[in-house]
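What follows is one structure encoded as C-alpha cells, with my remarks underneath.
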Amino acid sequence: MLARWVAGLALVAIGAVFLLGELGVVDEPGALVGAWWPLVFVAIGVGLLLEQRRLGTGPVVFLGLGVLLLVITTDVVAVGAAVVWPLVLIAVGAWLLLRPRGGGRETPSARGDVTAVFEDRTVRHPAGPFERAAVTSIFGDVDLDLRDTEPTEGMVVDLTVIFGDVDVTAPADWRVVMGASGVFADVEHRPPPAAAAAEAPLLEVRGFSVFGDVNVRQ
C-alpha cells in the first residue's frame, strides 16, 4: 500500500505543478519538477523504513539514491544533469545483479503482508483461514502460494508492483476475479481447465503494476 500512496501523491503533485504553471501561478513548472522529482525516491525510502522498522536494503537504496539525485538536480553539487539517468541505470542494474535471492519458503505474517524491495521472496501461506494479503514488489519478485489456506468471505490480494514480478497460486476450486490493472505491464490470470462452481469461494486480486508482471494461476 505504501508504494501506491507514494506513486499517487507524486502524480498528483506533478500534475498540480504543471496546472499551476498553465494558470500562471508557477514559473517554469518543468524546471521545478526536474529539480525536485528525486523526492519520490526519498519518500519511498522513508516510508519503507517506517513500515519495516529496520534499516534494510530497500530503504537504504531508495534513500541513498534519492538524496544523491536531489543533490545533483538542485545544483548543490556542480554536476551536469546528463549524468543523472546514467547514475539511476547503474544503481538499478547493480542491485538487480547483486540483490539476494530467496532460497526457501517463508511464513508470512498473520495478516499476510509481503514486501520485496530489491529481493526475491517465496511465501507459502500456512494452513488456516485466509482473508487478505497485501503484496508490495519494488524491483523484486514475490511468489505467493495460497493452496494450503482455508477460504473465507471477502478474500483479497492487494498488489503494488513497480519494476517487479508477482506470481500468485490459488486453489483450483476457487473463483478468481482479476481487478488488477497495469501500465506497461502484463497482468494475467490462468484459470484451471474446469470452471469453478458458482458457489465456490471468491478471491479478488486487485491493485496495479507499473513495468512489472502479475500472474495468477490455479
Note to self: Suppose a student asked you for the relative contact order of the range 105-217, using Cα pairs under 8 Å spaced at least 6 residues apart; what percent would you report?
What the structure shows: 25 percent
Check: Along its principal axes, what span do the Cα atoms of the range 105-217 show, with the longest given first and each in whole Å?
Finding: 38, 28, 21
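Can you compute the FRET efficiency between ALA35 and ASP186 using 1/(1 + (r/R0)^6), with r the Cβ-Cβ distance and R0 = 25 Å? Round to the nearest 0.05.
Working: r = 34 Å, r/R0 = 1.36.
Result of the calculation: an efficiency of 0.15.
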Item checked: Under the Karplus curve 6.51 cos²θ - 1.76 cosθ + 1.60, θ = phi - 60°, whole-Hz ³J(HN,Hα) for the range 32-44, x wherever Gly or Pro sits -> 5, 5, x, 7, 10, 4, x, 4, 4, 5, 4, 4, 4
Next item on the list: Would you mind calculating the gained length between ASP167 and ARG206 on full extension (0.36 nm times residue separation, minus the Cα-Cα distance), in nm to one decimal?
Entry: 12.7 nm
Checklist line | THR115 long-range amide H proximity, modeled H, under 5 Å | finding: THR136
Check: If amide H atoms are built 1.01 Å from N in the plane of the peptide, which residues on other chains or at least 5 residues away come under 5 Å of the amide H of VAL156?
Finding: ARG132, ALA133, GLU204
Checklist line | Per-residue ³J(HN,Hα) for the range 197-207, Karplus 6.51 cos²θ - 1.76 cosθ + 1.60, θ = phi - 60°, Hz, x for Gly and Pro | finding: 5, 4, 8, 5, x, 10, 10, 9, 10, 9, x
Margin query: Please list 3J(HN,Hα) in residue order for the range 179-193, calculated via the Karplus relation 6.51 cos²θ - 1.76 cosθ + 1.60 where θ = phi - 60°; whole Hz, with x for glycine and proline.
Written below: x, 7, 10, x, 10, 6, 9, 9, 10, 9, 10, 10, x, x, x
Margin query: Given R₀ = 25 Å, what would the calculated FRET efficiency be for LEU89 paired with VAL26, taking r from the Cβ atoms and rounding to 0.05?
Written below: 0.25
Item checked: Magnitude of the charge dipole, the range 105-217, Cβ model with Lys/Arg +1 and Asp/Glu -1, debye to 20 -> 120 debye
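Only the coordinates and a few stated rules stand behind these numbers; no lab work does. Computed from a predicted structure; not experimentally measured. So basically every Cβ, Gly included, is an ideal-geometry build from the backbone, and we count neighbours across all protein chains shown.
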